[in-house]
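Undergrad: Questions regarding the structure given below will be posed in turn.
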Amino acid sequence: MPLNVPVTITLPPLDRSYTVHTDRQRWSADQLATVPDGRDFMERAVRRGVREAALSCAYAQFTPAVIVTDPHPDGSVTMTGRVLCDNKDCHTAAQRHHLDAAEAIEAKAAAEWAFEKDLGLAPGGLRERSLFARMSIGIILTAVGTAMSTYDYQRPDNLSGNSLSAVFGQQADKMCNLLAYPTLAAGALTVLFALISHIATDRTSKEG
Ligand SMILES: [Zn+2]
């Protein structure tokens, strides 16, 4: 199944567009047995499939596809070839294609592969990064909350009670006292939920 998958990575500070030029084939044991060096023959067919998917892409024509081989118990083999391309025209063209159900599954796998290849992280690394992003937001909220609760306006002795800046300072102090605890609580909860959801997904992925 030759396919071009548009992938956009929007995780800060990255915002990059890619296309995964890909082909996935499954050959039965019989098909593999009809030629000598069945898997090598199959691999060449998959590489050819990737190039055919990306006919208008010079990069994909000259870049060797990354091959993943999955043997099955019945002797059949699934092979996936992928090239990660950052050409804008490829991305635009790939976005115009409407994926069917089978292609959507391949597109999801291709997108995950592109994320990991782009970020240069081991599987699961992306999740670590989003945990870090959520925890940072929580820590910033907590810090703002703490700053608000410690802010205490001291009216200078040399100012009269009706001075505009004194009134402003007192109002700001009241406002900070009012907002400090909700902000602190929101910050603490954000950190807490980030950790809980991280532990939950960690457990799910280990079970699965
Ligand atoms: Zn391309």
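Undergrad: Is it the case that Glu52 is surrounded by fewer than 17 Cβ atoms within 10 Å (Cβ to Cβ) and in contact with a Pro (Cβ under 7 Å, 6 or more places away or on another chain)?
TA: yes
Undergrad: Additional query: Can you tell me which condition Asp118 does not meet? The list is (1) modelled with pLDDT under 60; (2) surrounded by 15 or more Cβ atoms within 10 Å (Cβ to Cβ), and all the others hold.
TA: Of everything listed in (1) modelled with pLDDT under 60; (2) surrounded by 15 or more Cβ atoms within 10 Å (Cβ to Cβ), Asp118 misses just condition (1).
Undergrad: Being surrounded by 12 or more Cβ atoms within 10 Å (Cβ to Cβ), within 16 Å of the ligand (Cβ to nearest atom), in contact (Cβ under 8 Å) with a residue 12 or more places away in the chain and aliphatic (A, V, I, L, M) narrows it down to one residue among Val46, Val68, Val77, Val83; which is it?
TA: The unique qualifying residue is Val83.
Undergrad: Could you tell me how many of the residues in the stretch 5-43 are over 26 Å from His72 (Cβ atoms) and either within 15 Å of the ligand (Cβ to nearest atom) or at pLDDT 95 or above (or both)?
TA: So the count comes out to 7.
Undergrad: Determine whether Ile105 is under 21 Å from the mean Cα position of the chain (by Cα), more than 14 Å from the ligand (Cβ to nearest atom) and surrounded by 12 or more Cβ atoms within 10 Å (Cβ to Cβ).
TA: yes
Undergrad: Can you find, within the stretch 55-65, the residue that is farthest from the ligand (Cβ to nearest atom) among those that are in contact with a helix residue (DSSP H, G or I) (Cβ under 6 Å, 6 or more places away or on another chain) and not aliphatic (A, V, I, L, M)?
TA: Looking at the filtered set, the residue picked out is Gln61.
Undergrad: Shifting gears a bit: Can you tell me which residues in the stretch 51-99 are over 16 Å from Asp23 (Cβ atoms) and either of a type in the set (D, E, K, R) or not assigned by TED's automatic domain parsing to the domain that holds Thr22 (or both)?
TA: Asp74, Asp86, Lys88, Asp89, Arg96
Undergrad: Inside the stretch 86-102, can you point out the residues that are over 23 Å from Phe62 (Cα atoms), within 16 Å of the ligand (Cβ to nearest atom) and part of a helix (DSSP H, G or I)?
TA: Arg96
The values are calculated or read from the model by the stated rules, or taken from the named source; none is laboratory data. Only a predicted model underlies this, so the values are computations on that prediction, with no experimental measurement involved. Counting neighbours? That spans all protein chains shown, and the Cβs are built from the backbone with ideal geometry, glycine included.
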